[in-house]
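Engineer: Got a structure here, written out as structure tokens. Questions coming.
Each reported figure results from applying straightforward, stated rules to the coordinates on display, with no laboratory input. None of the values given here were measured: they were computed from a predicted structure. Note that each Cβ is placed from the backbone with ideal geometry, even for glycine, and that neighbours are counted across all protein chains shown.
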Amino acid sequence: MVLPSWLRLPAILFATISWSLVSASTHSFENTAIVRTVDLGGSLVHVTTTYAIRALDNGVNRYIVSLGENEARSTSWFEAKLKGQNEPLSVTTRPLDPTSDGTHSYVVELPKPLSVNGTVNLVVETVLTHATYPWPKKAAQKDDQSLKYEGDLLVLSPYKTWTQRIKVRAPAPRIISYTTPDSLDEFTTDQVATKSGATVTYGPFSNIPPSASTAFIGKHQRHVVVHYYFGHPVVEIASLKRVAEISHWGANLNIQNDIVLRNAGPTLKGQFARIEHQSQTFYNRLAPHIIPSLTFHLPPGIHSAYYYDLNGNVSTSRLRVAPSVPKAAQSNQYSTLELRPRYPLMGGWNYTFALGWDSPLADSAGYDASTGFYVLGVPVQTVIPGAVVNEAEVKIIFPEGATDIGVFPPFDPTTEQRSTHITYLDTIGRPAVTLSFKNLTDKHDGLIYVTYKVPLSVHLRKPKAVSIAFGALFLVALLARRVDLSLSK
Amino acid sequence: MSDSPTTYAAVKHFHKVVPAFTPYVPVGLLSYLAFILLTATFGLAFYFTTLSKSTIPTREAMVAIVASALGGFGVVALFCSVGVCV
């Protein structure tokens with residue numbers, strides 16, 4: 001964005017003043033202890049960092065969490081809570097300032113300001129995507145699967161840290177190798193890295209000065225690589241296009257997903273051998289990097305589900321429907337769909353398919369007669385545990401003639417577009433809203449709420465359009481009856 | 001628009017408290033309604049073809065209007081009952 005010349009000086013002054021305010025606040029807290037646990041997975045890595053904070057000033061309530069550039073680039077989900085509480089805290093992100101400290105700042109607003117020496121435990125959960133990769137890159141059909149995780153070691157913070165410890169936990173106690181960083185004697189006297197079962201513990205590191213600066217990162221930050229066996233397929237959804245179509249006359253919500261599924265494990269070395277696959281299936285010893293089937297947890301009360309790909313209908317699926325639950329009920333009921341692609345997905349293979357279903361509109365939508373607003377909740381995605389969705393697009397198609405449309409996504413989309421969708425019996429077309437997202441994880445399971453108005457006169461648009469069509473036919477018939485086409489009287 | 005919620009928390013609460021959506025016509029009745037309305041449309045269309053041709057086609061026009069109106073609703077009900085929810 002290029003600023004006009006008259007705005008540049010005030011903008012620089014504003015940035016300097018606000019940055020100096022932030023810098024001044026780096027003396028308002030200190031970290032008595034930081035413990036980070038990195039839970040390694042397939043396409044997702046769940047990181048939980050607990051900060052034990054002590055306030056050094058009175059009335060401070062804004063705590064800055066810093067992530068390094070690489071880490072921030074991989075972070076797709078960031079949530080901060082107080083230890084023992086469920087309510088997430090309000091977080092604002094500051095974009096990376098290339099002239100400053102080489103970190104991304106997340107400003108967490110504590111619920112109550114702390115007085116001097118007041119303490120609180122802050123738990124920050126983040127999910128990293130594309131932080132692991134298969135190594136070796138290729139694997140034969142019956143080989144094992146191993147992945148490498150690469151990340152920065154030390155937890156950065158703009159405040160002084162008395163002690164910090166980082167634990168990297170693999171899903172199974174089968175760690176092939178891990179980095180032992182060197183030249184960290186300034187912060188630790190003991191062994192830097194110890195392995196115990198499935199966990200590699202780095203630290204404890206003591207007396208770390210404020211570390212959210214390029215100088216500290218350049219001098220002390222270390223890169224660690226952990227190489228581990230992973231016993232489950234690495235599922236990646238390269239693209240998800242979800243279309244939710246609302247029908248008021250049919251009291252129906254149709255959700256259709258066009259999914260490009262990818263096995264992000266090691267690519268298959270050599271040819272696919274059907275015999276080998278049959279024998280593995282027979283003895284129930286499928287290699288860990290093969291995806292033979294997927295299980296989806298779909299909403300309760302659905303019907304008329306369909307699953308097809310480019311060739312046509314795919315019959316290798318089984319759906320067990322749970323009964324409908326009322327709108328907004330806190331229920332953990334779900335319908336289970338076990339889906340087998342046409343072929344087992346070997347490493348590096350893709351499969352494109354469409355999966356859709358209908359559900360009663362009353363299960364997701366409500367109507368407020370006093371204001372005339374309808375409100376509907378559409379899930380962003382059907383979560384597959386441990387899978388990442390590289391690109392997602394959710395299109396919500398409203399009834400024809402809907403007005404006063406409000407869209408409330410649970411997290412910020414990358415883009416939001418409005419368009420008109422034309423389908424059966426439409427005259428002016430249906431308003432549609434398309435939201436795009438990137439790098440969704442299994443934590444991104446919220447609902448997109450939409451509000452809109454459709455008065456009765458607008459509802460009658462469709463029957464009116466069809467009636468006019470019939471009327472035109474009758475008019476033609478009326479006139480045609482009066483035309484005499486006989487050849488002789 | 002002042003009546004609509006403006007924040008995510010507000011719309012989530014709004015979604016929870018408002019009554020569930022109910023259609024004008026119960027969904028189970030749509031297929032029967034489609035049959036009745038379209039049969040009536042067909043009957044009236046047949047009757048239309050038997051009417052005498054008068055200079056001012058009042059009767060024909062009235063029959064055409066009623067048949068069109070019934071046909072309009074009948075087709076919408078037909079679409080919904082076969083699964084194409086319009």
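Engineer: Could you pull out every residue, at least 5 positions away or on a different chain, whose amide H is within less than 5 Å of the one on residue A:56? Hs are placed 1.01 Å off N in the peptide plane, and Pro or chain starts have none.
Structural biologist: Here A:29, A:30, A:117 satisfy the definition.
Engineer: Further question on the same structure: Going by C-beta contacts inside 10 Å, put A:109, A:400 in order with the fewest on the left.
Structural biologist: Working: A:109 13, A:400 24.
Final ranking by Cβ density, sparse to dense: A:109, A:400.
Engineer: For residue A:41, list long-range residues whose amide hydrogen, built 1.01 Å from N in the peptide plane, is under 5 Å from its own amide hydrogen.
Structural biologist: A:46
Engineer: A further question follows. Determine the calculated [θ] at 222 nm for the protein assembly as shown from helices alone, applying -39500 (n - 2.57) to every DSSP H run no shorter than 4 residues and normalising by the residue count; nearest 500 deg cm²/dmol. Present the calculation step by step, with values, prior to reporting the outcome.
Structural biologist: Numbers: 9 runs with 122 residues, N = 575.
It comes out at -7000 deg cm²/dmol, rounded to the nearest 500.
Engineer: If you restrict to DSSP beta bridges whose two residues both lie in segment A:235-464, what percentage is antiparallel, to the nearest 5? Mind dumping the intermediate values first?
Structural biologist: On the way: 70 of 79 bridges.
Percentage antiparallel, nearest 5: 90.
Engineer: Grab the beta carbon distance between residue A:311 and residue A:414, set R0 = 25 Å, and tell me the FRET efficiency rounded to 0.05. The partial results should precede the final answer.
Structural biologist: Working: r = 32 Å, r/R0 = 1.30.
Here the calculated transfer efficiency is 0.15.
Engineer: To the nearest 0.05, what FRET efficiency results for residue A:271 and residue A:176 with a Förster distance of 30 Å applied to their C-beta separation? Intermediate values should be presented prior to the final figure.
Structural biologist: Details: r = 27 Å, r/R0 = 0.90.
The formula returns an efficiency of 0.65 here.
Engineer: In addition: Using a cut-off of 30 Å between alpha-carbon atoms, which lysines can reach residue A:83, once sequence neighbours fewer than 8 places away in the same chain are excluded?
Structural biologist: A:112, A:160, A:167, A:195, A:438, A:443, B:12, B:16
Engineer: Right, something else. For segment A:298-312, in order, what is each residue's ³J(HN,Hα) by Karplus, 6.51 cos²θ - 1.76 cosθ + 1.60 with θ = phi - 60°, in whole Hz (x at glycine and Pro)?
Structural biologist: Once rounded to whole Hz, the list reads 9, x, x, x, 8, 8, 6, 6, 9, 9, 9, 10, 5, 7, x.
Engineer: Near residue A:219, which aspartates and glutamates are there with a Cα under 18 Å away, not counting those fewer than 8 places off in the same chain?
Structural biologist: Residue A:219 reaches A:69, A:71, A:101, A:152, A:182, A:185, A:186.
Engineer: May I ask you to evaluate 6.51 cos²θ - 1.76 cosθ + 1.60, the Karplus curve with θ = phi - 60°, for each residue of segment A:335-347 and list the ³J(HN,Hα) values in order in whole Hz, giving x for glycine and proline?
Structural biologist: Each residue's phi maps through the Karplus curve to give 8, 10, 10, 9, 10, 10, x, 4, 9, x, 8, 7, x Hz.
Engineer: If each residue's Cβ is checked for other Cβ atoms within 10 Å, how do A:482, A:461 rank with the fewest at the top?
Structural biologist: Values: A:482 9, A:461 17.
Taking fewest neighbouring Cβ atoms as first place, the list is A:482, A:461.
Engineer: Only bridges with both residues in the protein assembly as shown count here: give the DSSP antiparallel percent, nearest 5.
Structural biologist: 90 percent
Engineer: Along the charge dipole of segment A:317-372, Cβ charges K/R +1 and D/E -1, which of A:354, A:325, A:344 sits furthest on the positive end?
Structural biologist: Sorting the options by dipole projection puts first A:344.
Engineer: I need B:53, A:269, A:464 ordered by Cβ neighbour count within 10 Å, fewest first. All intermediate terms of the calculation are to be shown ahead of the outcome.
Structural biologist: Details: B:53 9, A:269 14, A:464 17.
In increasing order of surrounding Cβ atoms, one gets B:53, A:269, A:464.
Engineer: Then there is this: Residue A:333 label point, 7 Å along Cα→Cβ, cut-off 15 Å on backbone N: hits in segment A:380-396?
Structural biologist: none
Engineer: Once both axes come from the Cα atoms, what is the angle between helix A:5-24 and the longest principal axis of chain A, in degrees from 0 to 90, rounded to 10?
Structural biologist: Around 50 degrees separate the two axes.
Engineer: Determine ³J(HN,Hα), in whole Hz, for all residues of segment A:217-228 in sequence, where each value follows from phi through the Karplus function 6.51 cos²θ - 1.76 cosθ + 1.60 and θ = phi - 60°; x replaces Gly and Pro.
Structural biologist: Running phi through 6.51 cos²θ - 1.76 cosθ + 1.60 with θ = phi - 60° gives 4, x, 8, 10, 5, 10, 9, 10, 10, 10, 10, 9 Hz.
Engineer: Another question, then. Return the inverse of the average 1/r over all pairs of distinct C-alpha atoms in chain B, which is the Kirkwood hydrodynamic radius, in Å to one decimal.
Structural biologist: On the way: mean 1/r = 0.0618 Å⁻¹.
Its Kirkwood hydrodynamic radius stands at 16.2 Å.
Engineer: Could you pull out every residue, at least 5 positions away or on a different chain, whose amide H is within less than 5 Å of the one on residue A:120? Hs are placed 1.01 Å off N in the peptide plane, and Pro or chain starts have none.
Structural biologist: Distant-sequence amide H within range of residue A:120: A:53.
Engineer: Please report the equivalent ellipsoid semi-axes of chain A, computed as sqrt(5 x eigenvalue) of the Cα gyration tensor, largest first, in whole Å. Spell out each step's value before the answer.
Structural biologist: Details: eigenvalues 517, 223, 77 Å².
Equivalent ellipsoid of chain A: 51, 33, 20 Å, largest first.
Engineer: Roughly how big is segment A:19-229's charge dipole about its Cα centre, with Cβ charges of +1 (Lys, Arg) and -1 (Asp, Glu), in debye to the nearest 20?
Structural biologist: Values: 20 positive and 19 negative charges, 89 e Å.
About 420 debye.
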